[in-house]
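To keep things clear, I will list the structure first and then write my remarks on it.
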Amino acid sequence: MSPFSIRARLFAAAYDRALGQTERAGLATRRHKLLAEARGATLEIGAGTGLNLPHYPRAVTGLTLAEPDEHMARKLRNRCSTADNVEAIVVASGENLPFPGDAFDTAVVTLVLCTVANPERVLAEIARVLKPDGRLLFMEHIRSTAPRRAAWQDRFNPLWRATLGNGCNCNRSTLALIEASPLTVEHVEHSEIPKAMPILRPLVSGRARGTQAQGGGRMSPGNLG
């Protein structure tokens, strides 16, 4: 077994416990507020161990969960055994979503875009699979707007990413990436992740709309470069 596989397995095993105090201190409440806006056919990208599952409202008519890591997906399947609104669990990366265009009313990413290898491609894929009036609900920790904290994030990011973060970038300007994507940001709230390390605290939550379909059809994965 490779060191990367061992790290991924340990990360998945410890994930819920590591976030436990933070969830109880208010992150779960932020999840609930964000996901209250989910409607219709909903796709969650990077569903992890399923911490969002209790917070989806009845307005979600079908929930599809995409998770690229098999260790996380195994825990996700166990958690979904008692969920009645989950239609499918798919082992797939956000960069290559195995769904047709215009398939979902809502897409969700929470604490995901910090880790993906190509966030621009993930956001383009989200725009592709959303219906023209669909919405992306996002909650992501970001690079601080305070220069001193941002400098600490830059300093610690290589060590964090290679060890406890399991590929997470604590200094990624994720809101700017969403704003530059094919999606249109409609609402943003700035806050902090409670009980988190200082380099992980800056948090944004919000909503973005999908793009309107154009005459030539919407992008497919092969068009994303």
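Each reported figure results from applying straightforward, stated rules to the coordinates on display, with no laboratory input. Since the structure is predicted, the reported quantities are computational estimates derived from the model, not experimental observations. Neighbour counts are summed over all protein chains in view; Cβ atoms, including those assigned to glycine, are modelled from backbone coordinates with ideal geometry.
Arrange the peptides 56-68, 144-156 so that the one whose residues have, on average, the most other Cβ atoms within 10 Å appears first.
Highest mean packing first, the order is 56-68, 144-156.
What is the sum of charges, Lys and Arg at +1 and Asp and Glu at -1, for the other residues whose Cβ falls under 13 Å from the Cβ of V185?
So the environment of V185 carries a net charge of -1.
Just to confirm a number: summing +1 for Lys and Arg and -1 for Asp and Glu over residues other than R121 whose beta-carbon lies under 11 angstrom from that of R121, what do you get? Intermediate results must be reported in sequence, preceding the final value.
On the way: positive: R128; negative: E95, E120, E125.
Within the 11 Å Cβ shell, the charges total -2.
Could you give the nm distance between label points at H32 and T145, where each point is 7 Å from its Cα heading toward the beta carbon?
With each label placed 7 Å out from Cα toward Cβ, I get 2.8 nm.
In the chain, if the dipole is taken from +1 on Lys/Arg beta carbons and -1 on Asp/Glu beta carbons about the Cα centre, which of I45, F11, P182 is farthest to the positive end?
Result: F11.
Within the set of other residues whose C-beta is less than 13 Å from the C-beta of P147, count the net charge using Lys and Arg as +1 and Asp and Glu as -1.
Summing Lys and Arg as +1 and Asp and Glu as -1 gives +3.
Show me, for segment 24-38, the HN-Hα J-couplings you get by feeding each phi into the Karplus relation (A = 6.51, B = -1.76, C = 1.60, θ = phi - 60°), rounded to Hz, glycine and proline as x.
Each residue of segment 24-38 in turn: 5, 7, x, 5, 4, 5, 5, 4, 4, 5, 5, 6, 4, 8, 5 Hz.
Leaving out same-chain residues fewer than 8 places away, which aspartates and glutamates sit with a Cα under 12 Å from that of K195?
Candidates past the 8-residue exclusion: E23.
What is the distance in Å between the Cα centroid of segment 38-94 and that of segment 169-195?
Centre-to-centre (Cα) distance: 22 Å.
Tell me, what is the percent relative contact order of segment 1-137, built from C-alpha pairs under 8 Å that lie six or more residues apart?
Numbers: 214 pairs, mean separation 32.5, N = 137.
About 24 percent, as a whole number.
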